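The values are calculated or read from the model by the stated rules, or taken from the named source; none is laboratory data. What you are looking at is a predicted structure, and each value in this text was computed from that prediction instead of being measured. Every residue, glycine as well, gets a Cβ built from its backbone with ideal geometry; the counts of neighbours run over all protein chains shown.
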Amino acid sequence: MRSMSPAGAVTPATPAAESTAKSARSSASRAVTERLPRTSVCRSRTSTPFRDPVTSKAAVFTEPLAAALAIQDRATVGEDDRVIVVGAGKLGLLIAQTLARTGCRLTVVTTGTGVAGRLLEEWGIESREADRVERAAYDLAVECTGVPAGFEIARSALRARGTLVLKSTYAGHPSIKASALVVDEITVIGSRCGPFERALSLLEDGLVEVEELVEATYPLERGEEAFEHASRPGALKVLLEIGA
């Protein structure tokens, strides 16, 4: 390990500094571990069992997959509809797979090449970057970027009387062009949670790909590192393995 001197030169860290850093890392790991209960009790009415062939790794996607399915409970999607999903993170990739099953003409907005782009290509789903999205061309737009800029990309892609489904929960109070929603008579739908049973059915039948969305798995003692990894922009699913 190295440290910076006041003048900016790189100097070897002292044994004491190494010991302090190691102690800090150990304390951080203990802090993560200590926040977890030794025993957890879950009422049967609040849990949904899963069975083979669904693995534990796949089962962790039940909640977001259910949220993806909830879109079709609030908005009708047909084969002739042009649909755009703005955002190709974990949720966006699940939404894309569920919407693709309707036969609609689907496009997913990505940030360029990478894992998401590769997966969409493998699944036969069209992707494009934000600056190549056609304006006023889509019947339905799903916004799931988690950032305010995604709202305007999705809104401007919609034709008059199109439908905008919001999945993002923004921090703060993002500004939006409310008058554009009125002038274009856009229907705005908030969509949150969905049906676990239907999500598990898709997983059991192997109709959606989820395990490829797991980017990394960490043991519990490296919990802080796992949280740091998961917070990186564009990170996919990061798992903690307990008792391995």
On the basis of being in contact with a strand residue (DSSP E or B) (Cβ under 9 Å, 6 or more places away or on another chain) and closer than 15 Å to residue 210 by Cα, does residue 120 make the cut? yes
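Just the residues that are in a helix (DSSP H, G or I) and either of a type in the set (Phe, Trp, Tyr) or surrounded by 13 or more Cβ atoms within 10 Å (Cβ to Cβ) (or both), please, taken from segment 202-221.
202, 203, 204, 212, 213, 220, 221
For residues that are under 25 Å from residue 100 (Cβ atoms) and within 16 Å of the chain's Cα centre (by Cα), tally how many sit in segment 200-232. Give the steps one after another, and end with the answer.
Initially, segment 200-232 is screened for residues under 25 Å from residue 100 (Cβ atoms), giving 200-215.
Pick out the ones that are also within 16 Å of the chain's Cα centre (by Cα) and you get 208-215.
Total meeting the criteria: 8.
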If residue 154 satisfies every condition in (1) modelled with pLDDT of 95 or more; (2) of a type in the set (Gly, Ala, Ser); (3) farther than 17 Å from residue 95 by Cβ; (4) part of a helix (DSSP H, G or I) but one, which is the exception? (3)
Segment 148-184, residues that are over 19 Å from residue 71 (Cα atoms) and in contact with a Gly (Cβ under 9 Å, 6 or more places away or on another chain): 148, 171, 184
Checking the structure you have, find out if any residue of segment 48-70 is surrounded by fewer than 21 Cβ atoms within 10 Å (Cβ to Cβ), without any contact (Cβ under 8 Å) to a residue 40 or more places away in the chain and assigned to a loop (DSSP other than H, G, I, E, B). yes
Any residue at all in segment 161-177 that's in contact (Cβ under 8 Å) with a residue 40 or more places away in the chain and part of a strand (DSSP E or B)? yes
For segment 122-139, what are the residues that are at positive phi and loosely packed, with under 11 Cβ neighbours inside 10 Å? 124
By residue number, the members of segment 222-244 that are over 25 Å from residue 45 (Cα atoms) and surrounded by fewer than 16 Cβ atoms within 10 Å (Cβ to Cβ) are 227, 228, 229, 231, 232, 233, 234, 235, 239, 241, 243, 244
So, residue 116, is that one assigned to a helix (DSSP H, G or I) and within 16 Å of residue 192 (Cα to Cα) or not? no
